[in-house]
Every structure is written in C-alpha cells, then in structure tokens.
1. Taking THR251, is it under 30 Å from THR184 (Cα atoms) and either surrounded by 13 or more Cβ atoms within 10 Å (Cβ to Cβ) or outside the structural domain of ASP189 (by TED's automatic domain parsing) (or both)?
2. Name the residue that is farthest from LEU243 (Cα to Cα), counting only residues in the stretch 274-289 that are at pLDDT below 90 and exposed (fewer than 11 other Cβ atoms within 10 Å of the Cβ).
3. Could you check the stretch 253-307 for strands (runs of 3 or more DSSP E) lying wholly inside it with 2 or more residues that are among the basic types (Lys, Arg) and closer than 18 Å to VAL53 by Cβ?
4. Counting only residues that are exposed (fewer than 15 other Cβ atoms within 10 Å of the Cβ) and among the hydrophobic types (A, V, I, L, M, F, W, C), how many does the stretch 123-155 have?
5. It is to be established whether one or more residues within the stretch 265-272 are touching a residue at least 40 places away in the same chain (Cβ under 8 Å) and basic (Lys, Arg).
6. Suppose the filter is touching a Phe, Trp or Tyr at 6+ places or on another chain (Cβ under 9 Å), at pLDDT 90 or above and surrounded by 12 or more Cβ atoms within 10 Å (Cβ to Cβ); does THR195 pass it?
7. Go through ILE52, ILE84 for me and flag whichever is at pLDDT 70 or above, within 30 Å of ILE249 (Cβ to Cβ) and aliphatic (A, V, I, L, M).
8. Applying the selection to the stretch 149-166, what residues are at pLDDT below 90 and over 30 Å from LYS179 (Cα atoms)?
Amino acid sequence: MNTNIFDRIITIILVLVCVGLAVAIGSHYLSTTSSTADALPPQAAENSQETIVNVSVIEATRGTFTKTSSMGAELASSQDTIDIQSTIAGEVTQLLVTDGQEIAQGDAIAIVDPSTAGSKYKATTVTSPSAGTIYDINSYVGEQVTTSTTLVTLGMTGDLQINASISERFLSTLHVGLKASFTTAAWPDEPYTATVTRISPQVNTTNRTVEVTLSIDNPDERLMEGMFVKLTLITDQQDNVLLIPTDSITTYLGEPVVYIVEDGVAKRVSIVTSDSDDNQSVVESGLSGGEQLITAGSVVEGTQVSIVKENV
C-alpha cells in the first residue's frame, strides 16, 4: 500500500516537471519568435509601401521630321560660255588672245581683213562683248571667215555654286528647290545654306552618282572657288508628325514600348514607328500627342513616380 502511494507521488512529480519544462520551452520559443520578427526589416510589399521613382518627362508633340545625308562637295564658279564670231567676212590676219587668258569687255580678239584681190586693205578689229576667260580658240591666222564663223569661245565667270555627286538612291527625294546646308574646313562651326538648282539627267554608270548643282543662299567674301565643303542634304521631310526621342523607346516581349505618366503612375504603352534616326522617331500609333513621356528613370508598369523638373 505504501509502495503504491509512493509510486503515485513519483508519477505526479514527474508529470509536474514535464509540464513545467513544456511551459518554459514554449515561453522561450514565443519570446524568441517575437524578438526575431521585431528585428526583421519591413518588406517592400506593393500592398504596404511602394518606392517612388524620380523621372524626367517631355510632352509628346507634333513637328517636322527630317533625314539628312552628308557628303563632300566643291565650290565652283557658275560659268556660261559664248561664241565670239567675226563681225565681217575676210581673212584672219591676227589672233590677239591665248587659251586661258582673262579679258575685259571691249578687248581685241582678232583682226580680220575684208579686202579682196586688187582692193584697198582695210583691217577690222573684232572685240569681246563681255568680260571672261578664253576657253577655246576656234580660228587660226590665214583662215577665211564669215560672219557666222566662231573665232573664240569665252567663259564668263559668275557667282559661286556647289557641285556635288550624289548617290542615285536619293533620286526619289531630289528636286529643284530642295534645301541643304554646308560647312567649310576653315570655318566648320559656321553653316551656310544652299538650294538645288540643277539635277543632271544622267547617272554616272561608274560610281552610280548624279551630278547636282546648288546655289549658295548666303554667300560672303570668305568663300572661294575650289574650296572643299561638307554638304548636308535633306533627303526626307515629313511635316506634322508625332515625334518622340528615339532613346525613350524600349522593348517589352520583343515589341517597342514607351512609358508615360498617368495619375502619378508609370504606364507601359505599345507603339508603332514609321521612321527614325539617332535623335527622333515618328510614331504611327500608340500615342496621340500630349502624353507625358518618361525619358529618364527606371520604371516598370505600375511604378509610382515623381516628376523631376530639369533646370533650364
């Protein structure tokens, strides 16, 4: 009997010890879990608090899109030629000019003797009707000439012009009146403007180019014949098109997209472009104009943004 009572007491003590240990372990676990949770940083969950990204924007607007092509060209003098003919029939007794000679208006070109056998000698001087350069001598001393015989060919120096050879692939965009610009090696930061005045009707079959002549819109005394210039020709122009910076375009799932700001949030917009260069792209669809286009700032769909105004 005493043994049974003793066993029960031992059992009760063991149970109480186990319960105490269980309570102590549970309390320690709960305390540790609470402390660990308090020590963890708050998660950047989208449902609690999102990061706001600073972005720069521009307004998508309409304007003129131009494409250009640059090439080397040369300044030359615009020259016309005239044939100087004898004013009387007779024999050329003297030629008073040489190839390449510069002459003034009224200078003597040749002397023609209209006399015939047995008649009195009466030399006549043929003069130049204009200033210029002797390009070619078409007669010779002793020649019998008439009033339709050309004695010399005279080149008359005119205004400076640009002579350029342009690739035939640009023929579809070339036309008389097309605007261009050019710079010189001596003054590379001072552009001049020019206008296409003539397009050759033939293509050079050797280098597949077309000869084009341009007049200079704003000439000055610093420009000289023979100067090499860098000519920039407008090969394409589209008016009233929607333009955006080319570097604002990225891709999503292989398709071109841009990001715009709507109600303080970045929105991804799929676009279609028709033409572009390093600076601008023409938007055919996706934007209508007036959108706040994100040009700087790392965003995705739904990013909260704050627009930063750049200092002007």
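The values are calculated or read from the model by the stated rules, or taken from the named source; none is laboratory data. The model shown is predicted, which means the values in this text are computed figures rather than measured ones. Glycine gets a Cβ as well: all are built from the backbone with ideal geometry, and neighbour counts include every protein chain shown.
1. It is false that THR251 is under 30 Å from THR184 (Cα atoms) and either surrounded by 13 or more Cβ atoms within 10 Å (Cβ to Cβ) or outside the structural domain of ASP189 (by TED's automatic domain parsing) (or both).
2. Among those residues, the one meeting the criterion is ASP278.
3. In the stretch 253-307, 265-270 are the strands (runs of 3 or more DSSP E) which contain 2 or more residues that are among the basic types (Lys, Arg) and closer than 18 Å to VAL53 by Cβ.
4. 3
5. Residues of the stretch 265-272 that are touching a residue at least 40 places away in the same chain (Cβ under 8 Å), as a first pass: 265-266.
From what's left, basic (Lys, Arg): none.
Checking the stretch 265-272: not a single residue is touching a residue at least 40 places away in the same chain (Cβ under 8 Å) and basic (Lys, Arg).
6. No.
7. Working: ILE84 fails: within 30 Å of ILE249 (Cβ to Cβ).
Answer to the selection: ILE52.
8. Across the stretch 149-166, the qualifying residue is only LEU154.
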